[in-house]
Amino acid sequence: MKKRFKIHLFDLLMSLSNAVDLVSPVVANHHKRVAYIAQGIGSQFGLPTAEQHQLAMAAALHDIGAFSLQERTDSLQFEMENPHRHARLGYLFLKRFDLFSNMATLIRYHHLDWADGLGAAWEGEAVPMGSHLLHLADRVDTLIDRERNILGQAREICRKIEEHAGSLFVPKLVGAFKNLAAREYFWLDATAPSIDQILSRSVRLPTIELDLDGLLSLAQLFAHIIDFKSPFTSTHSSGLAVTAGTLAEFVGFSPTECQQMRIAGYLHDLGKLAIPAEILQKPASLTEEEFALMRSHALHTRRILESISDLDTINDWASSHHERLDGQGYPFHEGDQDLSLGARIMAVSDVFTALTEERPYQETMTSHEALQVLQRLADRLALDPKMVSLLSLHFEEVDSRRKEAQDASWQEYQRIMQIWGDAKRSSP
Ligand SMILES: [Fe+2]
Ligand SMILES: [Fe+2]
Ligand SMILES: [Fe+2]
């Protein structure tokens, strides 16, 4: 029987939005609050339930294209410069996966002003009402001062939003917002620490089923979002996925297991959603604190994947990639007796791929030099000697497949950055 994976969309989106908002305490829970506010206004406005769902999904990830901490903090200003940069990048990524294509469009226009009706369309295409709703909900959240009691500021926020009815926001949506804003529960729930539970009651997203190929495409989408945060990492997960998948074949894993290994490869650095681009591409070595922050990504990967059922094996392989046989890895400091074969393959593949890449803090190595480093790590039992020998034995095959995958990923990176760069000045 073909393996299928049940994905609870709500859990998936919430854990991704958690990760994206871990980038700084300043933006903590921003995505969830915007999802709650948007869904509330949508329901008050009479938006059909299916559209409310799309809206909540879009809200949960709407700033995913803001890669740097700077851009995330800028987007908290009520009036920000270049607001469309991150909106467009998020759109370009998400539209490539069928399930996300509607929400991608909502995200694309989430900073478009209503401009007395001009914002109803952009370059001849209708702009969905959901985008304008997301814009409004997002701006409401930026006006909330989280240091102060929420009910004490509700009137000021309403006044500020009303001032911009017609210019920034659709007047009818402002009307729906005002109705909602008159009720205390709305403000208290929107800012409650238990926003997860509150959202799970108001937003009921379906469960989807994906087969291995569907899950692989989803994993590739996330690999691009993670890797494309910096040119230095732009091909990393693609190279690792192919390296690990090829080694798994040589170890004798079944075709299903090899495919799971590739998926784990694409997802292994998912936790880097929580790491700002400034650190990922810092041109000097990291400070102790920055390095500690960087290391936290491995645990974030584990926690994000835990929230999706059926992914235990993939999660084990993906999130153990920095563990070492001698217990000197992280985050669990597991050792020889704990680490599965898949985790060992992943660790070897990760080091091998990383060493051959250009990084801001290291000289690029040839594949053969990288192999020598792996051998030294195997000699002191950090990496699994058997897996390093296997890589060495099939070196030409593994290395050429890795290069091919990384070349393809580099082309894709250039393509997306080109489309984005051409449009980033003023358009969504
Ligand atoms: Fe935004
Ligand atoms: Fe936002
Ligand atoms: Fe990593």
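Tabulated data for the structure shown
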item	result
Condition check for Lys2: of a type in the set (Lys, Arg) and under 29 Å from Glu184 (Cα atoms)	no
Test: residue in the stretch 6-17 that is within 11 Å of ligand 1 (Cβ to nearest atom) and in a helix (DSSP H, G or I)	no
From the options Leu381, Leu390, Leu374, residue that is more than 15 Å from ligand 3 (Cβ to nearest atom), part of a loop (DSSP other than H, G, I, E, B) and hydrophobic (A, V, I, L, M, F, W, C)	Leu381
So Phe332, is it farther than 23 Å from Asp269 by Cα and among the hydrophobic types (A, V, I, L, M, F, W, C)	no
Any hit, the stretch 85-92, residues being more than 15 Å from ligand 2 (Cβ to nearest atom), part of a helix (DSSP H, G or I) and out of contact with any strand residue (DSSP E or B) (no Cβ under 6 Å at 6 or more places or on another chain)	yes
Unique match (being away from ligand 3 (no atom under 16 Å from the Cβ), assigned to a helix (DSSP H, G or I) and touching a residue at least 24 places away in the same chain (Cβ under 8 Å)) among Leu210, Leu240, Leu247	Leu247
Number of the exception - Ser68 against (1) within 15 Å of Pro206 (Cβ to Cβ); (2) surrounded by fewer than 24 Cβ atoms within 10 Å (Cβ to Cβ); (3) touching a helix residue (DSSP H, G or I) at 6+ places or on another chain (Cβ under 8 Å)	(1)
Residues being surrounded by fewer than 12 Cβ atoms within 10 Å (Cβ to Cβ) and either modelled with pLDDT under 85 or of a type in the set (A, V, I, L, M) (or both) - total across the stretch 359-381	3
Within the stretch 344-358, considering residues that are closer than 22 Å to Ala264 by Cβ and of a type in the set (Asp, Glu), the one surrounded by the fewest Cβ atoms within 10 Å (Cβ to Cβ)	Glu357
Of residues in the stretch 22-34 being among the hydrophobic types (A, V, I, L, M, F, W, C) and within 13 Å of ligand 1 (Cβ to nearest atom), the one surrounded by the most Cβ atoms within 10 Å (Cβ to Cβ)	Val34
Residues of the stretch 275-303 satisfying the condition of being within 30 Å of Thr256 (Cβ to Cβ) and within 13 Å of ligand 3 (Cβ to nearest atom)	His297, Ala298, Leu299, His300, Thr301, Arg302
Leading residue by the ranking (farthest from ligand 2 (Cβ to nearest atom)) among those in the stretch 329-360 that are part of a loop (DSSP other than H, G, I, E, B) and hydrophobic (A, V, I, L, M, F, W, C)	Leu339
Candidate set: the stretch 36-74, residues that are polar (S, T, N, Q) and either free of Cβ contacts under 8 Å to residues at least 40 places away in the same chain or assigned to a helix (DSSP H, G or I) (or both); chosen: the one farthest from ligand 1 (Cβ to nearest atom)	Thr49
Of the criteria (1) within 18 Å of the chain's Cα centre (by Cα); (2) charged (D, E, K, R); (3) more than 20 Å from Leu221 (Cβ to Cβ), which one Lys2 fails	(1)
Members of the stretch 78-90 found to be without any contact (Cβ under 8 Å) to a residue 40 or more places away in the chain and in contact with a Gly (Cβ under 8 Å, 6 or more places away or on another chain), listed by number	His86, Gly90
Given (1) more than 16 Å from ligand 3 (Cβ to nearest atom); (2) outside any helix (DSSP H, G or I), index of the condition Gln259 fails	(2)
Scope the stretch 102-131; condition over 10 Å from Phe169 (Cα atoms) and of a type in the set (Asp, Glu); matching residues	Glu123, Glu125
Within the stretch 316-349, tally of residues that are of a type outside the set (Val, Ile, Thr) and either more than 26 Å from Phe250 (Cβ to Cβ) or away from ligand 3 (no atom under 14 Å from the Cβ) (or both)	19
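The values are calculated or read from the model by the stated rules, or taken from the named source; none is laboratory data. These figures come from a predicted structure and were not determined experimentally. Because the Cβ atoms are built from the backbone with ideal geometry, glycine has one as well, and the counts that use them run over all protein chains shown.
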